[in-house]
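Visitor: I'd like to ask you about the structure that follows.
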Amino acid sequence: MDDPRKNLFYEPKNGYDRISREEHIAAEDYCRGYMEYLNDSRTEREAVVNAIKLAREKGFVEYVPGMALTPGMKLYSCNRGKALMLAVIGQRSLADGVVIAGAHVDAPRLDLKQIPMYESDELCYFRTHYYGGIKKYQWVTIPLELHGVVVLKSGETVDVRIGREPGEPRFVITDLLPHLAKDQMKKPMTEAITGEALNILIGSVPYDDDGKDRVKLAVMSILNDMYGIGEEDFLSAELTAVPAFDVCEVGLDRSLIGGYGHDDRVCAYAELKAILDVENPVRTCVCILADKEETGSDGVSGMQSRAFDTFMEDLCASQNVEVRRCFEKSFCLSADVTAAFDPLYPEVSEKRSESKLNYGMGICKFTGARGKSGTSDASAEVVAYLRRLFDKAGVVWQLSEMGKVDQGGGGTIALYMANRNIDTIDAGVPVLSMHAPFELVAKLDCYMTYKGVLAAYSDD
């Protein structure tokens, strides 16, 4: 007699018990491409540049308003070098809606202040202002790289990248030795390291003269030799310190990927790879790589900006379709990471409802905080659609929440898409140590997220 539990109970299974050897190999191949992309995409600007390069290799061309659109056309539109939209025109009219996958390519980091450089006791430092939600103590005593742009008064843009290549110098924020940290270690973790203390050590050798700030002058002279900039040029610069960790495999079985910026470039790459691989879709497919999610999706390159609406209005106008009619029949997969259950910290999770590593793409019906504040809360109909879609395509997936109800919470771009009258749901890769300088994801979950986005793009 059959056990009725098999038919009536919901029991998720480890993905490796569900996939074939061939699919295991496919996951490894996919993750090699992802690791290469992540290792070279340390900022949102670099992530966009690298995405455009991959898109062009696949036949995508830059969209020009007024272009005649035909099924199968591959287009991209770059928003100020920090965000990107790609589209593959479908066989059906835009009046039937589009399939959207949206992720973000910004990540927590340390931005340099606009007047960052100072000297103290013959050591030279950069002052910083942290970006996004970080645990400040995690950023001390780790190697850092410097990335970004300096825009001169003339308008010329100078790209800065120091510490990524072998043999280049790196930077660090120092910390107290334990022998003298008695008072520091009595403080709460949120107070032991303050934001104003996150100052990066950048030099110690004085300039060969008798003036003041000799170390600062020596460091500034090096930067001037390298990039032709002076201190005033920092006023119109966007420079960022990021962890100098190479992306690597983790574990004796090499099943995990460790690196900086998985949140949310792991999902951004999944949807990018999916739209590069889709061919002649029934409905138009759109891929969004957004900026500013970590600070609320505001600004001209964030998901609350009109840049996406303008892009869609232009596409719709070419087919004499009202964008609002397109939106109301569209579907959006908000591809953002979710928290993975960590057995070392079980007290913050409701284990039954939390994503687990190697259990596949994590579907989040809602995000937000506590009473579901700041979430779009997808409808039951949308969840059911995704269940059917993923099961039909052989996607390994799981349902997920963000910790215990009163513990905290988080948000994504989902509510901003839903506010446009687009059916939207969150789904993405579970992450351990989210927002840390070195995050962890499982290869199987990365591949299944790509497979899930591709299934959405390929659905009729």
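Visitor: Within 24 Å of residue 257 (Cβ to Cβ), surrounded by 24 or more Cβ atoms within 10 Å (Cβ to Cβ) and in contact with a helix residue (DSSP H, G or I) (Cβ under 9 Å, 6 or more places away or on another chain): is that true of residue 448 in this structure?
Guide: Criteria met by residue 448.
Visitor: Oh, and also: All but one of (1) open to solvent by 30 Å² or more (accessible area, probe 1.4 Å); (2) touching a strand residue (DSSP E or B) at 6+ places or on another chain (Cβ under 7 Å) hold for residue 5; state the number of the condition that does not hold.
Guide: (2)
Visitor: Then there is this: For the structure I just gave you, tell me whether residue 236 is closer than 23 Å to residue 132 by Cβ, over 23 Å from the mean Cα position of the chain (by Cα) and either open to solvent by 50 Å² or more (accessible area, probe 1.4 Å) or not aliphatic (A, V, I, L, M) (or both). Show your work before the answer.
Guide: Values: closer than 23 Å to residue 132 by Cβ: yes; over 23 Å from the mean Cα position of the chain (by Cα): yes; either open to solvent by 50 Å² or more (accessible area, probe 1.4 Å) or not aliphatic (A, V, I, L, M) (or both): yes.
So residue 236 fits the description; yes.
Visitor: If you check every pair at least six apart or on different chains, which have Cβ atoms under 6 Å apart with a residue in the range 394-413 that is under 22 Å from residue 14 (Cβ atoms) and touching a residue at least 40 places away in the same chain (Cβ under 8 Å) first and a residue that is in a loop (DSSP other than H, G, I, E, B) and basic (Lys, Arg) second?
Guide: Close Cβ pairs (under 6 Å, with a partner that is in a loop (DSSP other than H, G, I, E, B) and basic (Lys, Arg)) amount to 396/18.
Visitor: For the range 406-426, enumerate the residues that are in a loop (DSSP other than H, G, I, E, B) and in contact with a Gly (Cβ under 8 Å, 6 or more places away or on another chain).
Guide: First, pick out the residues of the range 406-426 that are in a loop (DSSP other than H, G, I, E, B): 406-408, 411-413, 419-422.
Matches in the range 406-426: 411, 413.
Visitor: So which of 166, 188 is without any contact (Cβ under 8 Å) to a residue 24 or more places away in the chain and closer than 30 Å to residue 412 by Cα?
Guide: Values: 166 fails: closer than 30 Å to residue 412 by Cα.
Sole residue among the options that is without any contact (Cβ under 8 Å) to a residue 24 or more places away in the chain and closer than 30 Å to residue 412 by Cα: 188.
Visitor: Just wondering, is there one or more residues in the range 427-447 that are in a loop (DSSP other than H, G, I, E, B), more than 21 Å from residue 108 (Cα to Cα) and in contact with a Leu (Cβ under 8 Å, 6 or more places away or on another chain)?
Guide: Quick first cut of the range 427-447, residues in a loop (DSSP other than H, G, I, E, B) only: 429, 433-438.
Still in the list and also more than 21 Å from residue 108 (Cα to Cα): none.
No, the range 427-447 contains no residue that is in a loop (DSSP other than H, G, I, E, B), more than 21 Å from residue 108 (Cα to Cα) and in contact with a Leu (Cβ under 8 Å, 6 or more places away or on another chain).
Visitor: Okay, next question. Listed residues 454, 440; which is open to solvent by 30 Å² or more (accessible area, probe 1.4 Å), under 17 Å from the mean Cα position of the chain (by Cα) and modelled with pLDDT of 95 or more? Walk me through it before giving the result.
Guide: Numbers: 454 fails: under 17 Å from the mean Cα position of the chain (by Cα).
Only one candidate passes the filter, namely 440.
Visitor: A follow-up question, please. Would you check if there is a residue in the range 58-65 being among the β-branched types (Val, Ile, Thr), open to solvent by less than 50 Å² (accessible area, probe 1.4 Å) and modelled with pLDDT of 95 or more?
Guide: Initially, the range 58-65 is screened for residues among the β-branched types (Val, Ile, Thr), giving 61, 64.
Next, from what is left, pick out any that are open to solvent by less than 50 Å² (accessible area, probe 1.4 Å): none.
No: zero hits.
Visitor: Of these, 183, 213, which one is open to solvent by 50 Å² or more (accessible area, probe 1.4 Å), in contact (Cβ under 8 Å) with a residue 40 or more places away in the chain and of a type outside the set (Lys, Arg)?
Guide: After ruling out the rest, the residue left standing is 213.
Visitor: Checking residue 154 against (1) surrounded by 11 or more Cβ atoms within 10 Å (Cβ to Cβ); (2) of a type in the set (Ser, Thr, Tyr); (3) in a loop (DSSP other than H, G, I, E, B), only one condition comes out false. Which one?
Guide: Here residue 154 meets the rest and fails (1).
Visitor: Now, a different point. Step by step: first the residues of the range 189-205, then only those that are over 21 Å from residue 131 (Cα atoms) and surrounded by fewer than 18 Cβ atoms within 10 Å (Cβ to Cβ), then the one that is farthest from the chain's Cα centre (by Cα). Which residue is that?
Guide: Initially, the range 189-205 is screened for residues over 21 Å from residue 131 (Cα atoms), giving 203-205.
So of that shortlist, the ones also surrounded by fewer than 18 Cβ atoms within 10 Å (Cβ to Cβ) come out as 204-205.
Numbers: 204: 35, 205: 38 Å.
So the residue we want is 205.
Visitor: Hey, another quick one. Restricting attention to the range 39-86, and to residues there that are in a strand (DSSP E or B) and charged (D, E, K, R), which single residue is nearest to residue 299 (Cα to Cα)?
Guide: Step one: of the range 39-86, the residues in a strand (DSSP E or B) are 61-62, 74-79, 83-86.
So of that shortlist, the ones also charged (D, E, K, R) come out as 62, 74.
On the way: 62: 23, 74: 27 Å.
Checked the range 39-86; the qualifying residue nearest to residue 299 (Cα to Cα) is 62.
Visitor: Would you please name the residue that is surrounded by the fewest Cβ atoms within 10 Å (Cβ to Cβ), looking only at residues in the range 363-413 that are among the hydroxyl-bearing types (Ser, Thr, Tyr) and within 23 Å of the chain's Cα centre (by Cα)? Break it down stepwise before answering.
Guide: Initial filter on the range 363-413 (among the hydroxyl-bearing types (Ser, Thr, Tyr)): 367, 373, 375-376, 379, 385, 400, 412.
Right, trim to within 23 Å of the chain's Cα centre (by Cα) and you get 367, 373, 375-376, 400, 412.
Values: 367: 24, 373: 10, 375: 22, 376: 27, 400: 24, 412: 30.
The extreme case among them is 373.
Visitor: Also: For the condition touching a helix residue (DSSP H, G or I) at 6+ places or on another chain (Cβ under 9 Å), assigned to a strand (DSSP E or B) and acidic (Asp, Glu), what is the one hit in 159, 175?
Guide: On the way: 175 fails: assigned to a strand (DSSP E or B).
Just one listed residue meets the conditions, 159.
Visitor: For residue 300, indicate whether it is of a type in the set (A, V, I, L, M) and surrounded by fewer than 15 Cβ atoms within 10 Å (Cβ to Cβ). Let's see the steps before the verdict.
Guide: Numbers: of a type in the set (A, V, I, L, M): yes; surrounded by fewer than 15 Cβ atoms within 10 Å (Cβ to Cβ): yes.
Yes.
Visitor: I want to confirm something. Restricting to the range 135-151 and keeping residues that are open to solvent by 30 Å² or more (accessible area, probe 1.4 Å) and not charged (D, E, K, R), which single residue is nearest to residue 81 (Cα to Cα)? Working first, answer last.
Guide: Applying the first criterion (open to solvent by 30 Å² or more (accessible area, probe 1.4 Å)) to the range 135-151 yields 135-138, 141, 143, 151.
Next cut, not charged (D, E, K, R) only: 137-138, 141, 143, 151.
Details: 137: 31, 138: 29, 141: 31, 143: 27, 151: 13 Å.
Across the range 135-151, the extreme among qualifying residues is 151.
The values are calculated or read from the model by the stated rules, or taken from the named source; none is laboratory data. Remember, it's a predicted structure, so these values are computed and weren't measured experimentally. Note that we place each Cβ from the backbone using ideal geometry, even for glycine, and neighbour counts take in every protein chain shown. Only protein heavy atoms, including side chains, enter the accessible area calculation; ligands, DNA and RNA are left aside. Shrake-Rupley method; radii C 1.70, N 1.55, O 1.52, S 1.80 Å.
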